[in-house]
1. Give just the number: which of (1) more than 13 Å from every other protein chain (Cβ to nearest Cβ); (2) under 18 Å from the mean Cα position of the chain (by Cα); (3) part of a loop (DSSP other than H, G, I, E, B) does A:A143 not satisfy?
2. If the Cβ limit is 6 Å and pairs must be 6+ apart or interchain, which residue in the stretch B:8-20 that is within 19 Å of B:F295 (Cα to Cα) pairs with which residue that is among the aromatic types (F, W, Y) and outside any loop (DSSP other than H, G, I, E, B)?
3. When A:N168 is evaluated against the numbered criteria (1) away from chain B (no Cβ under 11 Å); (2) crowded, with 21+ Cβ neighbours inside 10 Å; (3) at pLDDT below 95, which criterion, by number, is the only one it fails?
4. Are any of the residues in the stretch A:74-92 in contact (Cβ under 8 Å) with a residue 60 or more places away in the chain, among the basic types (K, R) and away from chain B (no Cβ under 14 Å)?
5. Among all residue pairs at least 6 apart or on different chains, which show Cβ distances below 8 Å where the first residue, located in the stretch A:137-159, is at pLDDT 95 or above and the second is of a type in the set (K, R)?
6. Say we look at the stretch B:19-54 and pick out the residues that are more than 10 Å from every other protein chain (Cβ to nearest Cβ) and more than 25 Å from B:I102 (Cα to Cα); which of these is surrounded by the most Cβ atoms within 10 Å (Cβ to Cβ)?
7. Scan the stretch B:212-251 for residues that are among the small types (G, A, S) and outside any helix (DSSP H, G or I) and jot them down.
8. So which of B:F57, B:F50 is under 23 Å from the mean Cα position of the chain (by Cα), outside any strand (DSSP E or B) and over 16 Å from B:G354 (Cα atoms)?
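The values are calculated or read from the model by the stated rules, or taken from the named source; none is laboratory data. This one's a predicted model, so the numbers in the text were calculated from it and none came from an experiment. Cβ placement follows ideal geometry from the backbone for every residue including glycine, while neighbour counts extend to all protein chains displayed.
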Amino acid sequence: MSRLQTRFAQLKEQNRAALVTFVTAGDPGYDASLAILKGLPAAGADVIELGMPFTDPMADGPAIQLANIRALEAKQNLAKTLQMVREFRKDNNDTPLVLMGYFNPIHKYGVPQFITDAKAAGVDGLIVVDMPPEHNGELCDPAQAAGIDFIRLTTPTTDDVRLPTVLNGSSGFVYYVSVAGVTGAGAATLEHVEEAVNRLRRHTDLPISIGFGIRTPEQAAAIARLADGVVVGSALIDHIASAGSDQQAIDGVLSHCAALSEGVRNARR
Amino acid sequence: MTQSQTDLRNGPDVNGLFGAFGGRYVAETLMPLILELAREYEAAKIDPAFNEELAYFQRDYVGRPSPLYFAERLTEFCGGAKIYLKREELNHTGAHKINNCIGQILLARRMGKKRIIAETGAGMHGVATATVAARFGLQCVIYMGTTDIERQQANVFRMKLLGAEVIPVVAGTGTLKDAMNEALRDWVTNVDSTFYLIGTVAGPHPYPAMVRDFQAVIGKETRDQLQAQEGRLPDSLVACIGGGSNAMGLFHPFLDDTSVEIIGVEAAGHGIETGKHAASLNGGVPGVLHGNRTFLLQDDDGQIIDAHSISAGLDYPGIGPEHAWLHDIGRVQYTSVTDDEALDAFHKCCRLEGIIPALESAHALAEVFKRAPTLPKDHLMVINLSGRGDKDMQTVMHHMEQSQQEKH
């Protein structure tokens, strides 16, 4: 079983949802970002999404745009992001780690080389925002052949006709983007999320994680009652943006993560 | 004259690919919209009522056909090829951009969309979009980089007069690429109500093909007009390229005529060797941005490098995918000219023909000044004069003052 399968199976046994955290690699700098990454599992993150910085993050709102800019100004690149994953794996072999970003840096790195290096570094899955199933042959298929899960975003605009196309070739989990919009935007209603989860369950047995607009432990708990995973990104990254020092950034992200985790763990009790 | 028939005009394939270029690299939220847009466009394209309406607005609102003008003084000055200018700058709103805007707004209306968004660089596409939105009574939001707002204030004012909301984009270098990112973010947020009116032959399928089809009226008219005036095909075509819509509009109807030499002119900015340019084909490598695979200015990590050109309309780090393919197969020759060469051509065109060209179009003219003198007098050369230069007064004035100071 892959790390993602194992983790979601364990949590299902414990009758709780996964806390899935997103941070951008190299934000606010390599060392602080690595410290955050290494600290997330102990702070309660069950699955980690690590953003691969890109100059043109078209699907992201202001918080993650700025995170990308900070990381790139600190000279983060894809090779360093893979290096971070290798360092993370030195003392963590259980927490699934998913790289998330846009296709061009991977395209430039070279898809076969990227897949080889990502697998060797200990990457479990990929979320590539601008890589729809229409282009499966370019990245999704070779990644899965190498044992790396390819996680799809489904959205409020993905209707029942299109869902099978999107889910075909999805693995690891399904990421439901609960609002049509960019990251960090307003939250969806619980009614909408519940309906969406039910609809997705009719089409797939994969775990379903919900993201976009979830910021507080209370919101995370509410979603954790409905879905298999709760994704939080911008709210964590805001702690980096407002920090006066690297240590403040690290502490801010990890303490918010701990609070979210508390919410998720107690949600179904 | 016999023509060799090839089949270079059939692209893209069902997935929006021109060879290895094009495609639909967008977030899932947008995929259903893009698929719907493709279906709607395919239906509209063969609907006689849609085409009649399009023809009506092209004639009575845009002012088509635009003249194909024999530029006698330019021809004399160069002393070689016989030079014709396709006068797209005489269109309503002063550039070729309106050809595409009229087509897309009719499609938006057919699809029941109430809100139009667009990105703009030089502001010509923004003005053309605001114009057609006003004409059809639709809400209009234009995204424009802060750098471009600074250097194209007249166009910003025009858009506002026409009732559009102009939203400044501070991200990146505040130019066209950043405006396009922001427009995509708006679209992903307002999927139900909004039609994204892309201004060039780039973006996800079906935009590159659709914008090309709406602009191809330029080449079709040129073909008929030159036939009437000279009784034959041109020997060469020259057009400037940012995203590449005016060039594709002129080139496309001639792609299968192998006797016609086709030249696209990129903006070399301070010079390609300086790294400060906007020449995606001559100075970039293939990658994926804004929904399509094409040539891009990027670094070793695949990060997009900001383009530079004196002309805001060419200041984009990518190029339409059909151009990438035509470059790849060698059908079109892509050259580049610098800011200084374009400015020199700008002044010459003003003095020789009494036409103030857009700085974008001045890039095409600069290539003509290099090329025409070496060609025989019976060589027929057509240049797409894609826009007028009124919007560029501030930039040209600023540049003239600077070069005055450097002389002292």
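1. A:A143 satisfies all of (1) more than 13 Å from every other protein chain (Cβ to nearest Cβ); (2) under 18 Å from the mean Cα position of the chain (by Cα); (3) part of a loop (DSSP other than H, G, I, E, B) except (3).
2. B:G11/B:F18; B:P12/B:F18; B:F18/B:W325; B:G19/B:W325
3. In the conditions (1) away from chain B (no Cβ under 11 Å); (2) crowded, with 21+ Cβ neighbours inside 10 Å; (3) at pLDDT below 95, A:N168 misses (2) alone.
4. no
5. A:A146/A:K119; A:G147/A:K119; A:I148/A:K119
6. B:F21
7. Selection gives B:A216, B:G231, B:S236, B:A239, B:G242, B:G243, B:G244.
8. Values: B:F50 fails: under 23 Å from the mean Cα position of the chain (by Cα).
It is B:F57.
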